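J.: First the structure, which I've put down as structure tokens, then a few questions once you've had a look.
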Amino acid sequence: MAKPTVRFAAAQINLSLDRHQSSLMSLVPSWSERIADNDRALLQELSYGVARWSFRLDAIIARLMPKPLRNKDRDVHALLRVGIYQLAYLSIPQHAVINTTVAVTAELKKKWARGFVNALLRRYQREQTQIDAEVDAQAGAQAKHAFPGWLTERLQEDWPEHADAILHASNLHPPMVLRVNAQRETREAYRLKLADQSITATASTVVDSALTLSSPCRVQLLPDFEAGHVSVQDTAAQLAAHLLSPQPSERLLDACAAPGGKTGHLAELQSAATITALDNHLKRSVRITENVDRLGLHKQVTTVIGDAMSPKSWWDGVPFDAVLLDAPCTGTGVLRRHPDIKLLRQPEDVDNLVQIQQRMLRTLWPLVKPGGRLLYATCSLLKCENEQQMQAFLTDTPDAQVTAFPTSVRQTAWGHEREYGTQILVGEHGMDGFFYCLLTRDAGGHA
Ligand SMILES: C[S@@+](CC[C@H](N)C(=O)[O-])C[C@H]1O[C@@H](n2cnc3c(N)ncnc32)[C@H](O)[C@@H]1O
């Protein structure tokens, strides 16, 4: 049987996102296995690009076709998105784009759509300049920045002076950032190793573990990757372990740990600390073990599958010196890495996530020993998940105090210091959007 074509796969992926069935992280690998090997890079480009620009592509399609297709023809609509995306954003010869995209109508078993898709793509090809200008002139960010209306409104409400910069930065391709394993070698030594392979990298001024590559590359090309000398992790995410700053012989809890990015970093920073890495997602938890094994840090880390909101099933009753709560969140700070969030996230998810974060904070706080600390982190830009969440928690928790970050991490000014925590907006210092607030429990420990 013939393999699916890359454009068919891209349209099916976009259709699944539209139906909120799955995410790019699982759809792209599973479709990649089914198409020709040499089309995999194009599938990645099409899947992420079409997701990133779907709202704008829809505004273009609406100009070309005022009456939307019926619900049962959403697959044809997804194919149109794939076609327009290539014409608007890629440098593939346009006749090839049109021919290969139109041919997918047969794979969809919708031959009636052949002439229609062909006519629509050709019209866009002819009128692109004018249509693009009309779409740019449309009110709101939905068309121009390809953002869902509800999210644009929330960002404008929370960050009125920064909203345009956030929308712009969220659509740019993110940098590939490495974290050098301090237990294996220094950052400078690793930078020189990269230079030997003609890979250029710049040292971050925010954290002393991060190197930003001048252009992304496959991890297999990174020297000593398999031997655990480096991991791929955004600079903003690397701040977590530095801010919690594990000390010798401390017992740490990483409460939402999978796939183990921050767990590994905590272990790298302090070889004499022990870490319980908890997550309730079985498949993702396997990745924690794989990651710490690769880093050679398995002796320090115990992976536990369990619910952070019911510690009875996994906690031995001995309080932790420090807890990292990298809470499930809207992911609005990492849209540039996960553009499918624009299609998948719904306004009602925000309140649900705020409730979950609140329950996690309240459940985990008693597990922090008196005098111990909890670092609350999200990759969200929304105040209700961040500073307002902290304010509500502190109001109800008399033995919790906001604490200054360790001075070693404050060498370069980063983020927006708020009354409750620090917010990094996406793109600042080249980083993902993140929020951090470090809390200390009073030594008296009255709850
Ligand atoms: C932001 S991600 C964590 C990323 C991770 N800290 C890292 O750096 O690689 C949030 C995690 O919370 C986990 N999670 C969600 N609800 C949970 C719960 N009730 N108990 C434990 N983990 C949960 C998810 O499975 C997800 O892996």
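The values are calculated or read from the model by the stated rules, or taken from the named source; none is laboratory data. This is a predicted model, so every value here is computed, not measured. So basically every Cβ, Gly included, is an ideal-geometry build from the backbone, and we count neighbours across all protein chains shown.
J.: Only one of these is closer than 21 Å to Gly430 by Cα and not charged (D, E, K, R): Val117, Val180. Name it.
T.: None of the other options fit; the residue is Val180.
J.: Related question: Condition first: crowded, with 21+ Cβ neighbours inside 10 Å, under 28 Å from Asp136 (Cα atoms) and not aliphatic (A, V, I, L, M). Can you find one or more residues in segment 31-48 that meet it?
T.: yes
J.: A follow-up question, please. Within segment 244-276, which residues are closer than 18 Å to Asp307 by Cβ and more than 9 Å from the ligand (Cβ to nearest atom)?
T.: Correct list: Leu253, Thr276.
J.: Could you please give the count of residues in segment 367-376 that are away from the ligand (no atom under 16 Å from the Cβ) and either of a type in the set (Val, Ile, Thr) or not in a strand (DSSP E or B) (or both)? Quick ask: steps written out before the conclusion?
T.: If we filter segment 367-376 for residues that are away from the ligand (no atom under 16 Å from the Cβ), which is where we start, we get 368-373.
Subset that is either of a type in the set (Val, Ile, Thr) or not in a strand (DSSP E or B) (or both): 368.
Qualifying residue count, segment 367-376: 1.
J.: Can Glu250 be described as under 23 Å from Ser285 (Cβ atoms) and not assigned by TED's automatic domain parsing to the domain that holds Thr403? Break it down stepwise before answering.
T.: Details: under 23 Å from Ser285 (Cβ atoms): yes; not assigned by TED's automatic domain parsing to the domain that holds Thr403: no.
No: the conditions fail for Glu250.
J.: For the condition within 12 Å of the ligand (Cβ to nearest atom) and at pLDDT 95 or above, what is the one hit in Val304, Val318?
T.: Numbers: Val318 fails: within 12 Å of the ligand (Cβ to nearest atom).
From the options Val304, Val318, the qualifying one is Val304.
J.: A follow-up question, please. Note down all Cβ pairs under 6 Å where the first residue falls in segment 317-338 and is on the phi > 0 side of the Ramachandran plot, the second is aliphatic (A, V, I, L, M) and more than 9 Å from the ligand (Cβ to nearest atom), and they're at least six residues apart or on different chains.
T.: If the second residue must be aliphatic (A, V, I, L, M) and more than 9 Å from the ligand (Cβ to nearest atom), the pairs left are Gly331/Ile341.
J.: Let me ask something additional. Working only within segment 377-404, note down all residues that are part of a strand (DSSP E or B) and touching a residue at least 60 places away in the same chain (Cβ under 8 Å).
T.: Going through segment 377-404, the residues part of a strand (DSSP E or B) turn out to be 377-378, 400-402.
If the condition is that a residue be part of a strand (DSSP E or B) and touching a residue at least 60 places away in the same chain (Cβ under 8 Å), then Ala377 is the only one that fits.
J.: Can you report the number of residues in segment 128-156 which are in contact (Cβ under 8 Å) with a residue 40 or more places away in the chain and either of a type in the set (S, T, N, Q) or assigned to a helix (DSSP H, G or I) (or both)? Talk me through it step by step, then tell me what you get.
T.: Taking segment 128-156 and keeping what is in contact (Cβ under 8 Å) with a residue 40 or more places away in the chain, we get 128, 131-132, 134-135, 138, 142-148, 150-151, 154-155.
Right, trim to either of a type in the set (S, T, N, Q) or assigned to a helix (DSSP H, G or I) (or both) and you get 128, 131-132, 134-135, 138, 142-144, 150-151, 154-155.
Qualifying residue count for the region: 13.
J.: In segment 321-334, how many are assigned to a loop (DSSP other than H, G, I, E, B) and away from the ligand (no atom under 11 Å from the Cβ)? Reasoning before the result, please.
T.: The initial filter retains those residues of segment 321-334 that are assigned to a loop (DSSP other than H, G, I, E, B), namely 327-334.
Still in the list and also away from the ligand (no atom under 11 Å from the Cβ): 332.
Matching residues across segment 321-334 total 1.
J.: Right, next: Just a yes or no: is a residue in segment 262-274 of a type in the set (Lys, Arg) and touching a helix residue (DSSP H, G or I) at 6+ places or on another chain (Cβ under 7 Å)?
T.: Initial filter on segment 262-274 (of a type in the set (Lys, Arg)): 262.
Among the residues that remain, those that are also touching a helix residue (DSSP H, G or I) at 6+ places or on another chain (Cβ under 7 Å) are: 262.
Looking for residues that are of a type in the set (Lys, Arg) and touching a helix residue (DSSP H, G or I) at 6+ places or on another chain (Cβ under 7 Å), one finds at least one in segment 262-274, hence yes.
J.: If you don't mind, there's one more thing I want to ask. Pick out the one residue from Asp208, Asp196 that is outside the structural domain of Leu324 (by TED's automatic domain parsing), out of contact with any helix residue (DSSP H, G or I) (no Cβ under 6 Å at 6 or more places or on another chain) and farther than 30 Å from Thr407 by Cα. Write out each step before concluding.
T.: Details: Asp208 fails: farther than 30 Å from Thr407 by Cα.
One residue alone meets the criteria, Asp196.
J.: Report yes if some residue within segment 212-229 is surrounded by fewer than 21 Cβ atoms within 10 Å (Cβ to Cβ), touching a Leu at 6+ places or on another chain (Cβ under 6 Å) and outside the structural domain of Gly49 (by TED's automatic domain parsing); otherwise report no. Explain how you work it out, then say what you get.
T.: To start, the set of residues in segment 212-229 that are surrounded by fewer than 21 Cβ atoms within 10 Å (Cβ to Cβ) comprises 212-221, 223-228.
Those left that are additionally touching a Leu at 6+ places or on another chain (Cβ under 6 Å): 228.
Then keep just the ones that are outside the structural domain of Gly49 (by TED's automatic domain parsing); that gives 228.
Yes: one or more hits.
J.: Is it true that Arg294 is within 11 Å of the ligand (Cβ to nearest atom) and either modelled with pLDDT under 95 or in the same structural domain as Gln355 (by TED's automatic domain parsing) (or both)?
T.: Criteria not met by Arg294.
Each row is one residue, and each column tells you yes or no for (1) surrounded by 15 or more Cβ atoms within 10 Å (Cβ to Cβ); (2) at pLDDT 95 or above.
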site: Gly115; (1), (2): no, yes
site: Ala119; (1), (2): no, yes
site: Ile131; (1), (2): yes, yes
site: Gly140; (1), (2): no, no
site: Ala143; (1), (2): yes, no
site: Gly149; (1), (2): no, no
site: Leu155; (1), (2): yes, yes
site: Leu167; (1), (2): yes, yes
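J.: Somewhere in segment 25-40, is a residue closer than 21 Å to Ser91 by Cβ, in contact with a Phe, Trp or Tyr (Cβ under 7 Å, 6 or more places away or on another chain), free of Cβ contacts under 8 Å to residues at least 40 places away in the same chain and assigned by TED's automatic domain parsing to the domain that holds Thr105?
T.: No: zero hits.
J.: Taking segment 226-243 on its own, how many of its residues are more than 10 Å from the ligand (Cβ to nearest atom) and farther than 18 Å from Pro174 by Cα?
T.: Selection size over segment 226-243: 7.
J.: Being at pLDDT below 95 and either surrounded by fewer than 21 Cβ atoms within 10 Å (Cβ to Cβ) or of a type outside the set (Ser, Thr, Tyr) (or both) narrows it down to one residue among Arg359, Arg373, Arg410, Arg336; which is it? Even if it seems obvious, please write down each step before you answer.
T.: Values: Arg359 fails: at pLDDT below 95; Arg373 fails: at pLDDT below 95; Arg336 fails: at pLDDT below 95.
Of Arg359, Arg373, Arg410, Arg336, the one residue that is at pLDDT below 95 and either surrounded by fewer than 21 Cβ atoms within 10 Å (Cβ to Cβ) or of a type outside the set (Ser, Thr, Tyr) (or both) is Arg410.
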